[in-house]
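Have a look at the structure below before the remarks.
The values are calculated or read from the model by the stated rules, or taken from the named source; none is laboratory data. Since the model is a prediction, treat every value here as computed from it, not as a measurement. Neighbour counts run over all protein chains shown; Cβ positions are idealised from the backbone, glycine included. Note: areas computed on protein heavy atoms with side chains; ligands, DNA, RNA excluded. Shrake-Rupley method; radii C 1.70, N 1.55, O 1.52, S 1.80 Å.
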Amino acid sequence: MARVVEQAVEAGLDGVVVAPGPDLVWLTGYQPTAITERLTLLSLVPGARPTMVVPILERPDAEAAPGAPAVALRDWTDGSDPYRTASGFLEDGGRYGISDAAWAAHLLGLQHVLPAASFDGLGRCLPMLRAVKGADELERLDAAGAAADATYREIVEVPFEGRLETEVAADLARLLREHGHEQVDFTVVGSGPNGANPHHEAGDRRIQHGDAVVLDFGGLMYGYGSDTTRTVTVGEPSPEVQEVHDVVRAAQQAAFAAVRPGVPCQEIDRVARGVITEAGYGEQFIHRTGHGIGVTTHEPPYMVEGEEQPLRTGMCFSIEPGIYLTGRFGVRIEDIVTVTDEGGRRLNNTDHRLHVVV
């Protein structure tokens with residue numbers, strides 16, 4: 001919380017207002033049982049103790065949060081004006097960053113009682129707030145990555161041919177939980193032509209012999225994310241599937257090799273895209289090369305053209321180039337990577353070769 005205040009001051013802000021969601025969990029460990037119209041806000045301003053305004057009926061849960069000892073709690077009762085309570089810890093005329101997850105109704109309520117104050121989304125004014133991970137965060141991300149790897153090693157041993165995509169997706173979810181995930185966020189199983197849709201939701205297509213199958217799965221373990229993708233084939237791959245997979249594999253490796261402190265995020269995208277474009281598939285690589293990961297599975301920094309933010313030691317993000325041939329098949333390979341002083345380190349370490357399943 002002290003570091004957030006320092007970064008806010010450096011950015012010309014008078015403080016930060018944190019709403020329920022990823023930022024509040026990251027800072028305090030507190031997540032209301034339900035996010036509702038009742039106001040909960042944490043104020044972080046220079047020279048003052050962090051203060052969290054909570055509904056009185058939710059105070060016991062807030063007091064039990066890991067970060068509660070560092071926070072002054074101020075409760076409010078139904079029938080009173082919570083925005084008046086919150087405004088006592090902010091300056092009218094001040095400039096504040098506010099969580100992107102804040103409800104519009106709550107922001108408007110603050111603006112009503114602080115008409116001269118201005119608010120800007122943290123994603124815009126402090127986009128790298130959570131980007132550099134501490135040692136404790138890296139430990140959790142390592143554990144989540146290892147659990148996802150263990151899931152992949154087991155999923156390739158289950159039958160694919162003749163089963164529904166949803167059945168394989170259920171196996172993925174079960175295995176993630178068995179290996180320690182408390183939350184499963186996604187289990188993409190894109191078989192055959194469905195693999196050409198990067199975010200295909202597992203459906204009732206029956207997986208066939210000869211299919212390429214994109215497996216993209218992850219969730220939260222110890223509150224931190226996993227996200228990995230491998231592409232497998234049911235039976236021996238066709239020469240075309242093998243060729244496309246080889247290109248994606250080379251692009252993923254080249255992008256990983258480019259990771260080091262000081263390199264602009266967009267350079268990682270450029271390297272991966274260059275390999276795929278040179279192979280003649282540039283128009284079939286239809287998304288950015290990667291995204292940050294932490295208490296959410298998608299967060300800054302983004303490996304995309306136009307993002308000039310330099311990589312810093314401790315940043316964690318995906319490298320996931322792909323090629324998608326509409327109506328036929330798709331291929332994607334994804335690892336989570338962290339930046340070290342020497343270069344990149346993978347948090348996913350399963351084999352990149354095209355695995356044959358039955």
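Structure values in brief
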quantity: Average accessible surface area per residue within the chain, 1.4 Å rolling probe, Å²; calculated: 42 Å²
quantity: Counting DSSP beta bridges with both ends in the chain, the antiparallel % (nearest 5); calculated: 75 percent
quantity: Kirkwood Rh and Cα Rg combined as Rg/Rh, segment 97-236; calculated: 1.15
quantity: Size-normalised alpha-carbon gyration radius of segment 191-246, reference 2.2 N^0.38 Å; calculated: 1.30
quantity: Global geometry of segment 168-319, whether rounded, prolate or oblate, following the gyration tensor of its Cα atoms and the 1.5 cut on a/c; calculated: oblate
quantity: Dmax and Rg, reported as Rg then Dmax, of segment 32-128 (C-alpha, Å); calculated: 13.2, 38
quantity: The chain - mean residue ellipticity at 222 nm from DSSP helices (-39,500 (n - 2.57) per run, n ≥ 4, rounded to 500); calculated: -9000 deg cm²/dmol
quantity: Distance histogram for segment 287-337 (every C-alpha pair counted, 10 angstrom bins, percent rounded to whole numbers); calculated: 24, 48, 22, 6, 0
quantity: Ranked by how many other beta carbons lie within 10 Å on average, peptides 213-222, 31-40, 122-131 from highest; calculated: 213-222, 122-131, 31-40
quantity: Pairs of alpha carbons in the chain whose separation is greater than 30 Å (percent); calculated: 44 percent
quantity: Alpha carbon convex hull of segment 82-148, volume per residue in cubic angstrom; calculated: 131 Å³
quantity: Candidate residues E91, E58, E63: accessible-area rank, largest first, probe 1.4 Å; calculated: E91, E63, E58
quantity: Hydrodynamic radius by Kirkwood, which averages 1/r over all alpha carbon pairs of segment 271-310, in angstrom; calculated: 11.4 Å
